[in-house]
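> Got a structure for you, questions after.
The values are calculated or read from the model by the stated rules, or taken from the named source; none is laboratory data. Model, not experiment: these values are computed from the prediction. Cβ sites come from the backbone with ideal geometry, for glycine too, and all protein chains shown count toward neighbours.
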Amino acid sequence: MRLGIDLGGTKIEIIALDDSGKELLRRRVPTPKDNYGEILQTIAQLVRDAEVELGQQGSLGIGTPGALSRASGRLKNSNSIALNGQPILQDLESLLQRKVQISNDANCFALSEATDGAAAGASVVFGVILGTGVGAGIVVNGHVLTGPNGIAGEWGHNPLPWPQAEELPGPSCYCGKYGCIETFLSGPGMAKLHQIEAGIALSAEEIVARAEQGDAVCERSLQRYEHRLARSLAHVINILDPDVIVLGGGMSNIERLYANVPPLWGQWVFSDRVDTKLAQHRYGDSSGVRGAAWL
């Protein structure tokens with residue numbers, strides 16, 4: 001049995017899978033706010049209760065925001081502030097008296113979709129999160145690629161490639177740079193750019209809905225988004241050459257991306273033909289917790 005924990009800012013979810021990927025149990029509870037000790041105890045209680053209910057002990061994987069620092073072994077870059085600087089892996093292994101696997105939520109998404117999701121059977125998978133932020137995970141032959149710095153797949157904090165004059169220097173990013181891919185392709189980024197370029201304050205969801213209804217201004221914003229996504233993914237293809245790119249996060253539910261983006265990206269890919277597939281997630285919001293179990 002494989003247990004997975006998705007540790008989020010608002011909820012902690014647990015899943016139990018058998019070796020075929022069949023779901024045996026799933027439940028979620030609110031994340032204790034700003035209390036690291038209570039977060040650890042909540043995870044431990046979820047694990048213990050699941051194992052009692054199912055009558056067996058499982059392997060355990062945890063998906064977290066942020067990543068473990070190679071320098072200190074402590075969590076870094078988490079938007080759940082209470083976790084930053086904490087030795088969460090050592091603390092959980094001590095509390096549960098077993099080996100624990102930890103990876104960030106984008107890696108778990110990619111692993112889930114590569115194992116039995118939209119990219120099942122593919123050798124190299126780039127799993128993209130397009131949501132309130134932009135991140136990604138890389139899976140090669142069934143294994144998450146993390147790298148010596150623990151940041152493999154952090155494409156959202158590279159500059160938008162092949163920028164047009166009006167895109168420079170780009171919006172400011174919380175990381176301290178300008179023009180990061182995240183500032184163009186996240187949901188809030190799309191909304192902010194629409195407001196700047198069109199002078200109308202709308203959410204990303206409203207922009208998409210109005211474009212579908214024939215609003216020419218929103219249609220232009222959506223076309224600009226597709227163009228920027230195509231350039232950004234072409235850059236990834238030139239470096240990684242993945243078999244499949246899987247999109248997740250709220251922006252991945254824009255159905256037209258899958259038809260419109262691949263015909264665009266070929267003009268920037270250094271090849272006479274692009275065989276990389278662009279796929280929508282199979283498991284959606286469940287991919288994080290399923291990927292944690294597959295760790």
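> Return the pair list, or none, for Cβ contacts closer than 6 Å from residues in the stretch 190-214 that are on the phi < 0 side of the Ramachandran plot and surrounded by 15 or more Cβ atoms within 10 Å (Cβ to Cβ) to residues that are among the polar types (S, T, N, Q) and modelled with pLDDT of 95 or more, at least 6 apart or on different chains.
Cβ pairs passing all conditions: 191/203; 194/221; 207/221.
> In this structure, does residue 42 turn out to be in contact (Cβ under 8 Å) with a residue 12 or more places away in the chain, of a type in the set (S, T, N, Q) and over 16 Å from residue 93 (Cβ atoms)?
Numbers: in contact (Cβ under 8 Å) with a residue 12 or more places away in the chain: yes; of a type in the set (S, T, N, Q): yes; over 16 Å from residue 93 (Cβ atoms): yes.
So residue 42 fits the description; yes.
> Out of the residues in the stretch 1-55 that are out of contact with any strand residue (DSSP E or B) (no Cβ under 9 Å at 6 or more places or on another chain), outside any helix (DSSP H, G or I) and of a type in the set (Lys, Arg), state the one that is farthest from residue 115 (Cα to Cα).
33
Every residue, every condition in (1) outside any helix (DSSP H, G or I); (2) in contact (Cβ under 8 Å) with a residue 24 or more places away in the chain; (3) surrounded by fewer than 19 Cβ atoms within 10 Å (Cβ to Cβ), yes or no:
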residue	(1), (2), (3)
91	no, yes, yes
94	no, no, yes
106	no, yes, no
112	no, yes, no
118	yes, yes, no
128	yes, yes, no
132	yes, yes, yes
135	yes, yes, no
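> Report, ordered by the first and then the second residue, all pairs with beta carbons closer than 7 Å, sequence separation of six or more or different chains, a first member in the stretch 10-38 that is of a type in the set (Gly, Ala, Ser), and a second member that is surrounded by 11 or more Cβ atoms within 10 Å (Cβ to Cβ) and part of a loop (DSSP other than H, G, I, E, B).
Once the first residue is of a type in the set (Gly, Ala, Ser) and sits in the stretch 10-38, its partners that are surrounded by 11 or more Cβ atoms within 10 Å (Cβ to Cβ) and part of a loop (DSSP other than H, G, I, E, B) give 16/1; 16/58.
> Only one of these conditions is not met by residue 274: (1) free of Cβ contacts under 8 Å to residues at least 60 places away in the same chain; (2) out of contact with any strand residue (DSSP E or B) (no Cβ under 7 Å at 6 or more places or on another chain); (3) part of a helix (DSSP H, G or I). Which number is it?
Of everything listed in (1) free of Cβ contacts under 8 Å to residues at least 60 places away in the same chain; (2) out of contact with any strand residue (DSSP E or B) (no Cβ under 7 Å at 6 or more places or on another chain); (3) part of a helix (DSSP H, G or I), residue 274 misses just condition (3).
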